[in-house]
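Student: My questions will all concern the structure given below.
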Amino acid sequence: MKDVVFHDYANWLVEISDLTEELKQKESILIERFKYVLDVLTFLYEKKINEKELTQEEENIFETGFYYVFEQFESIKLILEHDYHGDLERMNEQAKTVILLLNTIEFQNEIIGSIEQPNEAHMQSLIDIEQEILSLLEKKVDAPSDLFVKLDTVTEGIYKELELDYYPIHDIFFEIADELGLIL
């Protein structure tokens, strides 16, 4: 792997540090969602700095984790600016709804990446849920619990029909963090 990914990561950390620090101070569930991904990235980055080498598997883990959090935080920053006009406190009050949106987008990306030609009906059902969530965020209204159930039902049906297994990246990174001894 080119060292450019590690340089990009270091630059990104500086760029995103104000937002992540504020989220940590607020003990936001938004930052908790990424805790293990960030822990693994920090561990692997420090290992790269100290030992100058990572295994191919470690490089793949680093790259996957970095691109994942980069995209997720880009979405968070966009929501923060577009829907909350920079008011992190207000966005944090609706963190569960923001996470629901992030999950919906993650499911869409997973389906697009898993099969050659995604079923239009599957994608449309996820896009409809995404639009519903975006509408709620624009109105500064929390998503009702039935919308969480709806997403679960839709995604479960899609994965069952396509005979796919789905393991969220943050769950995979929890397991990686555990293997690396990062979970106390």
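The values are calculated or read from the model by the stated rules, or taken from the named source; none is laboratory data. Computed from a predicted structure; not experimentally measured. Note that each Cβ is placed from the backbone with ideal geometry, even for glycine, and that neighbours are counted across all protein chains shown. Areas reflect the complete protein model, heavy atoms only, side chains present, ligands, DNA and RNA absent. Shrake-Rupley method; radii C 1.70, N 1.55, O 1.52, S 1.80 Å.
Student: For region 108-151, give me each residue that is of a type in the set (Asp, Glu) and closer than 19 Å to LEU162 by Cα.
Tutor: To start, the set of residues in region 108-151 that are of a type in the set (Asp, Glu) comprises 110, 116, 120, 128, 130, 132, 138, 142, 146.
Listed by number, the residues that qualify are GLU110, GLU116, GLU120.
Student: What are the residues in region 114-141 that are part of a helix (DSSP H, G or I), of a type outside the set (S, T, N, Q) and under 21 Å from ILE76 (Cβ atoms), if any?
Tutor: Answer for region 114-141, where residues must be part of a helix (DSSP H, G or I), of a type outside the set (S, T, N, Q) and under 21 Å from ILE76 (Cβ atoms): LEU126, ILE127, ILE129, GLU130, GLU132, ILE133, LEU134, LEU136, LEU137, GLU138, LYS139.
Student: Looking for whichever is over 17 Å from LEU80 (Cα atoms), in contact (Cβ under 8 Å) with a residue 40 or more places away in the chain and out of contact with any Leu (no Cβ under 6 Å at 6 or more places or on another chain) here; the options are VAL14, VAL5. Which one fits?
Tutor: One residue alone meets the criteria, VAL5.
Student: So if I check each of ASP152, ASP171, which one is within 30 Å of GLU58 (Cα to Cα) and open to solvent by 40 Å² or more (accessible area, probe 1.4 Å)?
Tutor: Only one candidate passes the filter, namely ASP171.
The rows are residues; the columns are (1) outside any helix (DSSP H, G or I); (2) under 20 Å from ASN103 (Cβ atoms); (3) modelled with pLDDT under 95.
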| residue | (1), (2), (3) |
| --- | --- |
| LYS2 | yes, no, yes |
| PHE6 | no, no, yes |
| GLU27 | yes, no, yes |
| ASP39 | no, no, no |
| VAL69 | no, yes, no |
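Student: Failed condition for GLU53, given (1) out of contact with any helix residue (DSSP H, G or I) (no Cβ under 7 Å at 6 or more places or on another chain); (2) assigned to a helix (DSSP H, G or I), with all others met?
Tutor: (2)
Student: Shifting gears a bit: Please go through region 92-104 and give me each residue that is among the aliphatic types (A, V, I, L, M) and touching an Asp or Glu at 6+ places or on another chain (Cβ under 7 Å), ordered by number.
Tutor: Answer for region 92-104, where residues must be among the aliphatic types (A, V, I, L, M) and touching an Asp or Glu at 6+ places or on another chain (Cβ under 7 Å): just LEU101.
Student: Take region 41-58 and flag every residue that is open to solvent by less than 20 Å² (accessible area, probe 1.4 Å) and closer than 20 Å to TYR167 by Cβ.
Tutor: Answer for region 41-58, where residues must be open to solvent by less than 20 Å² (accessible area, probe 1.4 Å) and closer than 20 Å to TYR167 by Cβ: LEU41, LEU44.
Student: Can you tell me which residues in region 20-44 are within 15 Å of the chain's Cα centre (by Cα) and not β-branched (Val, Ile, Thr)?
Tutor: LEU23, SER28, LEU30, GLU32, ARG33, PHE34, LYS35, TYR36, LEU38, ASP39, LEU41
Student: Against the condition over 26 Å from LEU19 (Cα atoms), open to solvent by 30 Å² or more (accessible area, probe 1.4 Å), in a helix (DSSP H, G or I) and in contact with a helix residue (DSSP H, G or I) (Cβ under 8 Å, 6 or more places away or on another chain), how does ILE61 come out, does it pass? So that I can check it myself, show each step before the final result.
Tutor: Numbers: over 26 Å from LEU19 (Cα atoms): no; open to solvent by 30 Å² or more (accessible area, probe 1.4 Å): yes; in a helix (DSSP H, G or I): yes; in contact with a helix residue (DSSP H, G or I) (Cβ under 8 Å, 6 or more places away or on another chain): yes.
When the stated conditions are applied, ILE61 does not pass them.
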